[in-house]
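Undergrad: Before anything else, here's the structure in question.
Bear in mind these aren't lab numbers, they're just calculated from the coordinates by the rules spelled out. Keep in mind it's a predicted model, so treat the numbers as computed, not measured. Here Cβ is always computed from backbone atoms with ideal geometry, including for glycine, and neighbour counts include all displayed protein chains.
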Amino acid sequence: MNSETSIVKLKKAPPYRYLVFVMYLLAYILLHAGTQCIASMGTQLMDATGIGEAKLSIMSTSATIALAITSFLVGPLAMKIGNKRATLVGLGLEMFSGVLYLLGPTSFAFICLIRVIQGIGIGVVQTVNMTVQAVWWPKRQRAFANGLQSMFFGIALSGVTTYVFSMTNAGFQWYQSAGLMMLVGCGVVFLLIAFLYKDLETKYGVSIIDDAIESSDTAEVSSEKEEKAAAKELFKRAGSYKEMWRNPACRWTFALGIFYCSSFWGFNMVFPLFLSRMGFTLAESTAIQSLTFIAHISSPLGGVISDRVFKGRRTDITCIALGGAAILYAIFTGAVSTGASIPVLTIICFAAYFIMSMAGGAMWLVPVEIVKPQFSTQMMGTTILFANLVAAGVQILDGVLMQNVSPYAGMFVTIFTLAAEAFCAIMMRKKYAA
């Protein structure tokens, strides 16, 4: 993109990467808060529009489907216009969705259209964000940075729950709360990135920061790992789409991503509805959700454990985290049915989400590391596509089952997807030492 930019050599990774991290982290938080807002405002939205859980789940998942498709297609766009411009396009779409929300829509189809626009914007920014956060950090700091960002996923969910509660108490309607969040919040981040951010290629003339660092020991570490891998290669790594479709390791990775997104996105939608259907007040539900979602602070810890304790393997911590969460959510569901107290339920949910979130920093490195380096972006995009499309279907299934079968059904689906991902992690550990 900027082939004429000369390479700038650095003695160490630039402090500017922290500013980059913060700017894109703000975008990450806002976009995931925007995705979650429909579920968090579910009760108010259903009362205002007269819809049930099934249609609410379709509203919620329309953004997920658009996100998935856009994530797969955004690579060529970013390569053509640059990461910065692509990010501004995505944020612009989010701001436009905020304007549409402020119109006070009541039509089911129109709200779904707004959610699709949101999903396209999120798909653009999320895909670029994953690339930007990787290339700006040296190899030996990358997993921790990935886990640190993943931690803020839970903070975003906790924040939007508190935000919705506060705005509702202040007399705002659901569409005003959603619209102001997307228009004002994304507008601030848009201005920050527009005036303060420069693409790595523009600033230093390289595609990854390691190439600009003098005396960087990451190349030596990488070389040692490559030599060990070559000496003991357990499987052939895909380097093209043709090889990817035929590669069992890639198919297991797709399954890992599918069950991961199905469990996280499914739970995030099911949880507020489950608490509401089980008779908890808005204040009680907000208290439980806020403390539960903030447990995502464990993501960096999971990344460190993956890097140091398990020596770079990603599936060990994934299996422990998701398997443990499945057990704890089963205990939580049983505790609700027996009328356990709010503090007890909150402690169980916090513990479940804490261990569940430990997989966040490590699991999303599997699509990058399971293939040849030059094919990692394409593999990541394909994994996101499959994972989010299936997760959208699971969310719809959750809504239908909760409306027509039992409020417990959504929690049972979440427990199953968590257990299924733990199984996939065990198989990938055994077959590919991933």
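Undergrad: Using the number of other C-beta atoms within 10 angstrom as an exposure proxy, rank Trp136, Trp252 with the fewest first.
TA: Least crowded to most crowded, the residues run Trp252, Trp136.
Undergrad: Return the subset of Lys12/Lys198; Lys242/Lys430; Lys9/Lys203 for which the Cα-Cα distance in this structure is over 21 Å, preserving the input order.
TA: Lys242/Lys430
Undergrad: Place +1 on the Cβ of every Lys and Arg and -1 on the Cβ of every Asp and Glu in the chain, take the dipole about the Cα centre, and give the residue among Thr414, Ala330, Leu148 whose Cα lies farthest towards its positive end.
TA: Leu148
Undergrad: Could you give the distance between the Cα centres of the range 9-66 and the range 284-348, to the whole Å?
TA: If you average the Cα positions of each part, the centres end up 21 Å apart.
Undergrad: Based only on other Cβ atoms within 10 Å, what is the fewest-to-most ordering of Thr70, Thr382, Thr318, Thr49?
TA: Lowest to highest Cβ neighbour count: Thr49, Thr382, Thr70, Thr318.
Undergrad: Regarding the chain, what are the three Cα extents along the principal axes, ordered largest first, in Å?
TA: 60, 47, 38
Undergrad: For Ile213, list long-range residues whose amide hydrogen, built 1.01 Å from N in the peptide plane, is under 5 Å from its own amide hydrogen.
TA: Leu10
Undergrad: So, one more: Provide the convex hull volume over Cα atoms per residue for the range 13-212, in Å³.
TA: 111
Undergrad: Of Thr286, Thr417, Thr333, how do they rank once you tally other Cβ atoms within 10 Å and put the fewest first?
TA: The most exposed by this proxy come first: Thr333, Thr286, Thr417.
Undergrad: Show me, for the range 345-360, the HN-Hα J-couplings you get by feeding each phi into the Karplus relation (A = 6.51, B = -1.76, C = 1.60, θ = phi - 60°), rounded to Hz, glycine and proline as x.
TA: 4, 5, 5, 5, 5, 4, 4, 5, 6, 4, 6, 4, 6, 5, 7, x
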